[in-house]
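Step one of this worksheet: look at the structure below.
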Amino acid sequence: MMDTVIEIKVVTSLSLPKVEPLIEQAFAAFRNVELACSRFTSDSELMKASQQIRTHVQISSWLFQPLKFALEMAEWTQGIFDPTIGKTMEAYGFNRHYLTGETNSNVAADNATFRDIVLRDHDRTMYLHKPLLIDLGAVAKGFAIDLASQILSNFPGFIINAGGDLYAGGVDETGHAWRIGIQHPAYKDHIIDTIEVSNEAVCTSGGYERKSKVREDIHHIIIPKSKQSPHELISCSIVAPYAMMADVFSTVVYLYGLDQGRSLINDLQLKGILITSKLQVERVGGI
């Protein structure tokens, strides 16, 4: 699901019939978020709602919550992070569904920004000032991990791994904190660093996995105003209390670059592992 493999592991003394229904509920959270937030299928809730311009459209909490968080982050970063980047993503070839191979081509205004989206809490509605394409790739997976982690929270230990973005609850089967490897950006099957976490999320953004087939210098992390990909960092892993927070801040720090990203991590009392394009590893925030 969500263009990756989802793995769930629990530490428990309960019998399998008692454990499996909870694990299935956790997997269902990923399905529900994907059905709500995907921009790759025309029948997702996001894409259907986005076709209705200048009208208040009621949306589910599966979509409202991650969209609200993405808009708050866009406001906070003054548009350096912007979920209306979807049209630019499509222009660079990031418009193919990972399962069907089908491509999307959607109408969106050239000058659309996050300020063209209005959310109302009291009736949970979305209002679009103009046609735009919303990309929730930096928040939806983290949101799904957080929902799944709530379902599994009573186990002594559990880990939800969504393609390297994960939440590690409690302790592993030996009674210790979970030991997490950070993938080497240049060698896919190698680990460049390890950290120990308990009741924390770890999410990584990197420019090494999803490259544009349209332009060699473009990967899937793009600065909205310049429409260029940053290259000072090659990987950014953030450790945070919640996966949606770790997910979006790994993207934001990647967009900011080394110095500003380091300051941001320290200011917010997060933790991070930043890897430069020269494969220099920098631990930030007291890891």
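Of all residues in the range 128-150, those satisfying the criterion of being open to solvent by 20 Å² or more (accessible area, probe 1.4 Å) and in a loop (DSSP other than H, G, I, E, B) are HIS129, LYS130, PRO131, ASP135, GLY137.
With the structure loaded, tell me whether VAL214 is touching a residue at least 24 places away in the same chain (Cβ under 8 Å), touching a Pro at 6+ places or on another chain (Cβ under 8 Å) and open to solvent by 40 Å² or more (accessible area, probe 1.4 Å) or whether it fails that test. Answer is no for this residue. In the range 246-287, the qualifying residues are those that are closer than 15 Å to GLU232 by Cβ, out of contact with any strand residue (DSSP E or B) (no Cβ under 7 Å at 6 or more places or on another chain) and in a helix (DSSP H, G or I), and the one that is least open to solvent (accessible area, probe 1.4 Å) is VAL252. Please tell me if THR12 is buried (at least 16 other Cβ atoms within 10 Å of the Cβ), polar (S, T, N, Q) and touching a helix residue (DSSP H, G or I) at 6+ places or on another chain (Cβ under 8 Å). It is true that THR12 is buried (at least 16 other Cβ atoms within 10 Å of the Cβ), polar (S, T, N, Q) and touching a helix residue (DSSP H, G or I) at 6+ places or on another chain (Cβ under 8 Å).
Going through the range 178-189 one residue at a time, which ones are out of contact with any strand residue (DSSP E or B) (no Cβ under 6 Å at 6 or more places or on another chain) and closer than 28 Å to VAL10 by Cβ? Within the range 178-189, GLN183, LYS188, ASP189 qualify.
Within the span defined as the range 3-16, every residue fails to be closer than 26 Å to GLY157 by Cα, small (Gly, Ala, Ser) and not in a loop (DSSP other than H, G, I, E, B). Residues in the range 158-208 that are loosely packed, with under 15 Cβ neighbours inside 10 Å, more than 22 Å from MET245 (Cβ to Cβ) and of a type outside the set (Val, Ile, Thr): GLU173, GLY175, HIS176, ALA186, TYR187, LYS188, ASP189, HIS190. Looking at the range 217-245, which of the residues that are open to solvent by less than 30 Å² (accessible area, probe 1.4 Å) and either assigned to a loop (DSSP other than H, G, I, E, B) or free of Cβ contacts under 8 Å to residues at least 12 places away in the same chain (or both) is nearest to VAL284 (Cα to Cα)? Among those residues, the one meeting the criterion is PRO230. For the range 61-82, the set of residues classified as open to solvent by 20 Å² or more (accessible area, probe 1.4 Å) and either more than 18 Å from ARG115 (Cβ to Cβ) or of a type outside the set (D, E, K, R) (or both) consists of SER61, TRP62, GLN65, PHE69, LEU71, TRP76, GLN78, ILE80, listed by residue number.
The values are calculated or read from the model by the stated rules, or taken from the named source; none is laboratory data. Predicted, not measured: the structure shown is a model, and the values here were computed from it. Cβ sites come from the backbone with ideal geometry, for glycine too, and all protein chains shown count toward neighbours. We work out accessible area using only protein heavy atoms, side chains counted, and drop any ligands, DNA or RNA first. Shrake-Rupley method; radii C 1.70, N 1.55, O 1.52, S 1.80 Å.
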